[in-house]
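First the structure, in the form of structure tokens, and then the observations on it.
The values are calculated or read from the model by the stated rules, or taken from the named source; none is laboratory data. Just so we're clear, the structure is a prediction, and the values are computed from it rather than from any experiment. No Cβ is skipped: glycine too gets one built from the backbone with ideal geometry, and neighbour counts run over all protein chains shown. All accessible areas refer to the heavy atoms of the entire protein, side chains included, with ligands and DNA or RNA removed. Shrake-Rupley method; radii C 1.70, N 1.55, O 1.52, S 1.80 Å.
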Amino acid sequence: MNPNYEKEIAELKSKIKSYQDFPKPGILFWDIFSAISDGSTCRLLQSLLIQTVKKNFPDVEALVGLEARGFLFSFSLAAELGVGCLPVRKKGKLPGEVEAYKYELEYGTDILEIQKNAIHPGLKCLIVDDLIATGGSITATTKLLRSCGAEVIGCIVVMELVSLNGRDNIPEGIPVCSLIKYD
């Protein structure tokens with residue numbers, strides 16, 4: 001691993017802004033867009049993600065980007081690593097035959113979908129997103145991928161909100177790598 005890894009993580013963290021009471025009162029929103037609006041920070045984040053994937057998930061065959069910010073990272077990482085890139089989207093956003101998974105949210109339910117022709121049994125998938133909070137989206141995506149016969153080898157996120165214990169809600173045996181942790 002890069003000897004400057006921790007210093008680079010600190011530099012990235014310094015570029016991420018937070019917004020109190022967004023999108024609703026009581027929420028502190030950590031904005032990755034504030035960091036990636038700068039070209040050098042984009043390159044830094046890309047480098048950190050690639051290093052982390054290569055170290056922790058060397059046998060990955062496909063990166064699964066979660067709607068919508070996970071898309072930003074999964075495509076560029078997949079291109080750099082020479083592996084596939086698969087989107088998981090909300091219901092009704094993907095053409096063709098899809099596999100769907102319905103899951104519970106804090107206030108209601110939602111449905112995630114993936115194109116059936118994009119995935120095959122045994123495909124080693126790494127889930128990619130910008131943030132893990134409660135772990136609901138990553139857990140639902142894990143179950144969706146497993147229902148298609150894929151092997152979920154882990155997930156990587158830029159930021160983790162540790163106090164929400166989302167990592168504890170991820171199915172057992174799924175390693176979670178987060179570059180930045182907030183309390």
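Among residues other than GLU11 with Cβ under 15 Å from its Cβ, the summed charge is +2 (Lys and Arg +1, Asp and Glu -1). Comparing ASN56, ALA79, TYR5 along the charge dipole axis of the stretch 1-86, the residue lying farthest to the positive side is TYR5, per the Cβ-charge model.
Mind checking the dipole of the chain: about its Cα centre, +1 per Lys or Arg Cβ, -1 per Asp or Glu Cβ, Debye to the nearest 20? Mind showing how you got there, number by number?
Values: 20 positive and 23 negative charges, 42 e Å.
Charge dipole, the chain, about its Cα centre: 200 debye, nearest 20.
For the chain, the mean residue ellipticity at 222 nm estimated from helices alone is -10000 deg cm²/dmol, where every DSSP H run of n ≥ 4 contributes -39500 (n - 2.57) and the total is divided by all residues, rounded to the nearest 500.
If you model the chain as an ellipsoid using its alpha carbon gyration tensor, with each semi-axis the square root of five times an eigenvalue, the axes come out at 25, 21, 15 Å, biggest first.
Restrict the search to the stretch 88-183; then list the GluC sites (Glu not before Pro) that DSSP places in a loop and that have at most 11 other Cβ atoms within 10 Å of their Cβ.
Details: sites: GLU97, GLU99, GLU104, GLU106, GLU113, GLU151, GLU160, GLU172; in loops: GLU97, GLU106, GLU172.
Within the stretch 88-183, the qualifying GluC sites (Glu not before Pro) (loop, at most 11 other Cβ atoms within 10 Å) are GLU97, GLU106, GLU172.
Here the stretch 16-101 has 55 percent of its accessible surface on carbon and sulfur atoms, given a 1.4 Å probe and all protein chains in place. Electrostatic bookkeeping for LYS55 treats Lys and Arg as +1 and Asp and Glu as -1; over the other residues with beta carbon under 15 Å from its beta carbon, the sum is -3.
The chymotrypsin sites (Phe, Trp or Tyr not before Pro) found in the stretch 1-108 that occupy coil by DSSP, while having at most 12 further C-beta atoms within 10 Å, are TYR107. Ranking ALA68, GLY26, ILE132 by Cα position along the charge dipole of the chain, where only Lys, Arg, Asp and Glu carry charges on their C-beta atoms, puts ALA68 farthest toward the positive end. The alpha carbon centroids of the stretch 101-143 and the stretch 41-84 are separated by 17 Å. Each peptide among 137-150, 42-55 gets the average number of other Cβ atoms lying within 10 Å of its residues, and from highest to lowest they stand as 137-150, 42-55. For the stretch 1-85, what is the number of Lys pairs with C-alpha distance below 27 angstrom, counting only pairs 8 or more positions apart or on separate chains? Value for the stretch 1-85: 10.
Accessible area per residue of the stretch 83-183 at 1.4 Å probe, in Å²?
Values: 4810 Å² over 101 residues.
Value returned for the stretch 83-183: 48 Å² of accessible area per residue.
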